[in-house]
Amino acid sequence: MLSAWRQWVLLPVMAVVIGLAGGALLILVSGDNPVTAYGGMLQGSFGSSDAIGRTLEKATPLILAGLAVAFAFKAGLFNIGGQGQLLVGAAFAAWIGFDVNLPTVLHIPLALVVGGLFGALLGALAGLLKATRGTHEVISTIMLNFVAANLTDWLVSRDGPWKDSASGAVARSPAVLPSAALPRWGPLPTGFLVAVAVAAAIWWVVNRSVLGFEISTVGHNAKAAAYAGISVTRITVLAMAISAFLAGLGGAIQTQGVNGRFEPGFNSGLGFDGITIALLARTNPLAVVPAGLLIGAMNAGSTLMQSRTDVQPEIISVIQGFILFLVAAPSVVRWLLRLRQDLDAPAVDLASGWGGS
Amino acid sequence: MTLTDADPAARSTDPRPAEGWTSRLDWKALAFTAAAVIVVLVAYRWDSTQTTAVSARTVREASPLILGALCGLIGERSGIINIGIEGQMLMGAFSGFMAASYSQSLLVGVVAAIVVSGLTGLFLAWAAVALRMDQIIAGTVINIVGAGATSFFYIAGRTMPRISNWAVPGLDQLPLVGRALFNHGPLTYTAALAVLVVHVALFHTRWGLRTRAVGEHPGAADTVGVNIVRLRYVNLSIAGSLAGLAGLALLQSAGAFDRGMTAGRGFIALAVMIFGRWRPTGVLGAALLFGLFNAVQAQLQFKQALSIPPQFFGMIPFVLTIVVLAAAGLKARPPAAAGRPYDPE
């Protein structure tokens, strides 16, 4: 019991604490007061019902990006393309949102699903290339990130088909119709509820379904899985598609619940945040929710922090980098805390050559 | 027992055919180069001004890609995958810019870029070797911290001394090649030199043989007494310094640091490395090809000659990388040990 507690709580919590301490050091070096800065961050993320709403809003795409990475991990795949899948999901949800006229009960889910499916298309492509041509998914998804960024940029640019005619030089899509907009319940955005429900569903798929069993069998030993009659190609494509669907859904929620339209470049870095979140949650879908909330709170609080102390919000990414490093290198945490007992890193083995198998 | 190129047992640790001008010529590469030269000459006959401008720009755009790809190449040849090139380039450019800005000396800037990026390489080696961290995640850490820290410490409005062009006297007066090859900033010449140096070092020195052995079959290298750990630390530091030079090459073009100025070039460098099949000469060819796309895109945008949206041109290098990787399929063979921590049994 004690050791389980150490693995699940102590390592992530310590990684966050040490990461924040590292951030405090940098704030100090840059000539600001870390206590004021973190105080501002805390108040900006939990200090009022508005702030809490903002935190939940920021956490939503992060949770889905984290789920996307965690789910692919189960199949031994590294989906580093959350960024691109999210952009595509956001753009296509916007298209359904402004271009289609439907009653709310149909319009909201249709736009969400279409956004997710177009994201899934990118993932399925990467999975197919991996399974049939041996193209490493890390390379293909990174490349697809840039393809997606350019494509969605174009869709709402001067020459693009979805340009808002009322926005002048600004590249953006028209606003989604009210029937496609996700409502808020007080400070509680509907999108956040969707993300939590999806996290539970993914937990069920991973731990209780046949598909989940097949996926983790392939993830542990593809050769053994093939020998047992599981189609590795099917599972690889499906796992990448589902993973990318989650990221695309995150983009769709951003469009329908937060931005109200598609604007390029709203999510720089979200895909990489997903990696931090997935590892912080030790790739457990349910634990992704609190991990996403934590990073979301930091993002939500960074604005108030900046206005109080002049600390640039980019400190958040540095802290996240520290956290990612620490959760991936438990021996460092152990050494820093002088723990005797070993802490296990989450079982991921991704770096195994680019080209052939 | 020392490893030398003459040792047949050690040689067999690299299953690739021996390369370099001492062995057989690479006819495919030769034919490709000849075709490229003919295309450029025909284009020059057709429109000399444009061709000269595009050629010069191609070479300039290729240089940071060459240096970044060589960084990745040395890492993978030593058995460590590096997807942190983007972050390393950013940190190199940032520290070079800040140091040059405060000291008003380019030399100080160059030293700072090399040292800081070298340290990022050392970090990657440490994470991979000592901590046995997943190398993809270690690279991602470098990217996240690199982008975050350089933005966090960024100060708007600072300037640095200009990195001016070094025209080669006499040669720069030649038509076409004068501007295309002999009138560039120092980092562009450095990139060309780096290809030569890394090629010779990798295939014609004891260090190169050991490096390739460690990347392909660390167990065998260990058996004959190669210090794998030390070699990986040293090589990754050297590789990091090359990424720092790549960052400086970006400064050479841009004149000042800007947040996120790498704009994905570190990832393209990774593609260039694969495209170049983990060989310095291949990297040179692939980087020039990718540079050409950027140059043509810039020229067309400048002239507003074509109605193709710039975003589609922006996509080409990335789509091309995927297509080429898929086409190469299982033939694209990285060094066998890349990505795996070494376990002495």
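Since every read-out is calculated from the coordinates, none of them should be taken as a lab result. These numbers come from a predicted model, not from an experiment. Cβ atoms come from the backbone with ideal geometry, glycine included; neighbour counts cover every protein chain shown.
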What average number of partner chain Cβ atoms lie no more than 10 Å from the Cβ of the residues making up A:146-155? 5
Are any of the pairs A:K74/A:K130; A:K130/A:K163; A:K74/A:K223 more than 26 Å apart by Cα-Cα distance, and if so, which? A:K130/A:K163
Taking amide H atoms as placed 1.01 Å from N in the peptide plane, list the residues 5 or more away in sequence, or in a different chain, whose amide H sits under 5 Å from that of B:A167. none
If a/c stays under 1.5 just call it rounded; otherwise compare a/b with b/c (prolate if a/b is bigger, oblate if not). Do that for region A:140-218, with a ≥ b ≥ c from the square roots of the Cα gyration tensor eigenvalues. oblate
Using Cα pairs under 8 angstrom and six or more residues apart, how large is the relative contact order of region B:146-280, in percent? 29
Value of [θ]222 nm, deg cm²/dmol, for chain B, DSSP H segments ≥ 4, -39500 (n - 2.57) each, nearest 500: -22500 deg cm²/dmol
Evaluate E = 1/(1 + (r/R0)^6) for B:I308 and B:Q50, where r is the Cβ-Cβ distance and R0 equals 25 Å; express this FRET efficiency to the nearest 0.05. 0.90
Under 5 Å, built H, 5+ apart or other chain: amide partners of A:L188: none
Taking the Cα atoms of region B:162-316, what is the range of coordinates along each of the three principal axes, in descending order and whole Å? 61, 40, 27
Could you give each residue of region A:303-319 its phi-based ³J(HN,Hα) in whole Hz, using Karplus coefficients 6.51, -1.76, 1.60 with θ = phi - 60°, and x for Gly or Pro? 5, 5, 4, 5, 6, 8, 10, 6, 7, 5, x, 4, 4, 4, 5, 4, 4
Placing +1 at every Lys and Arg Cβ and -1 at every Asp and Glu Cβ, with all other atoms neutral, what dipole size does chain B have around its Cα centre, in debye to the nearest 20? 340
Return the tail of the calculated pair distribution for region B:113-164, meaning the percent of Cα-Cα pairs more than 11 Å apart. 75
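At 20 °C and a viscosity of 1.002 mPa s, what translational diffusion coefficient does Stokes-Einstein give for region B:107-208, taking Rh as the Kirkwood radius over Cα pairs? Give it in µm²/s as a whole number. Don't skip to the answer; put the middle values down first.
Details: Rh = 17.4 Å.
Answer from the Stokes-Einstein relation: 123 µm²/s.
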Hey, what does the equivalent ellipsoid look like for the protein assembly as shown, semi-axes from the Cα gyration tensor as sqrt of 5 times each eigenvalue, largest first, whole Å? 39, 31, 27
Taking every alpha carbon pair in region B:197-282 and sorting the distances into 5 angstrom bins from 0 up to the bin holding the longest one, the percent per bin comes out as 3, 12, 17, 21, 18, 13, 8, 5, 2, 1
Quickly estimate the mean residue ellipticity at 222 nm for chain A, helices only: each DSSP H run with n ≥ 4 gives -39500 (n - 2.57), and the total goes over all residues, rounded to 500. -22500 deg cm²/dmol
Expressed as a whole-number percentage, the relative contact order of chain A with C-alpha contacts under 8 angstrom and at least six residues apart is 35
Note down, for region A:88-143, the three equivalent ellipsoid semi-axes (square root of 5 times each alpha carbon gyration tensor eigenvalue), biggest first, whole angstrom. 31, 10, 6
Evaluate peptide B:125-135: per residue, the Cβ atoms of other protein chains within 10 Å of its Cβ; return the mean as an integer. 4
In whole Å, what three semi-axes, largest first, describe the equivalent ellipsoid of chain A built from its Cα gyration tensor (square root of 5 times each eigenvalue)? 30, 29, 18
In whole Hz, the Karplus estimates of ³J(HN,Hα) for region A:281-292 (6.51, -1.76, 1.60; θ = phi - 60°; x where Gly or Pro) are 8, 6, 6, 8, x, 6, 6, 4, 4, x, 4, x
Within 10 Å of each Cβ in A:305-317, how many Cβ atoms from other chains are there, averaged over the peptide? 3
Modelled label-to-label distance, B:V42 and B:V177, 7 Å Cα→beta-carbon offset: nm? 2.1
How tilted is helix B:280-303 with respect to the longest principal axis of chain B? Cα atoms for both, answer in degrees (0 to 90, nearest 10). 20
Residue by residue through region B:160-172, what is 3J(HN,Hα) from phi via Karplus (6.51 cos²θ - 1.76 cosθ + 1.60, θ = phi - 60°)? Round to whole Hz and write x for glycine and proline. 10, x, 5, 8, 8, 6, 10, 6, 7, x, x, 5, 5
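Would you mind ranking A:H107, B:H184 by Cβ crowding within 10 Å, fewest neighbours first?
Sorted ascending by nearby Cβ count, the order is A:H107, B:H184.
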Could you sort the peptides B:245-258, B:101-114, B:205-218, B:44-57 by per-residue average Cβ neighbour count (10 Å cutoff), highest mean leading? B:245-258, B:205-218, B:101-114, B:44-57
Report relative contact order for region B:56-187 in percent, whole number only (criteria: Cα-Cα under 8 Å, sequence separation at least 6). 27
Treat each spin label as a single point 7 Å out from the Cα along the C-beta direction, and report the A:A201 to B:Y189 distance in nm. 6.2
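Starting from the alpha-carbon convex hull of chain B, give the projected area averaged over all orientations, in nm².
For chain B, the mean projected area of the Cα convex hull comes to 18.8 nm².
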Quick check: the angle from helix B:135-152's long axis to the longest principal axis of chain B, C-alpha only, nearest 10 degrees? 40
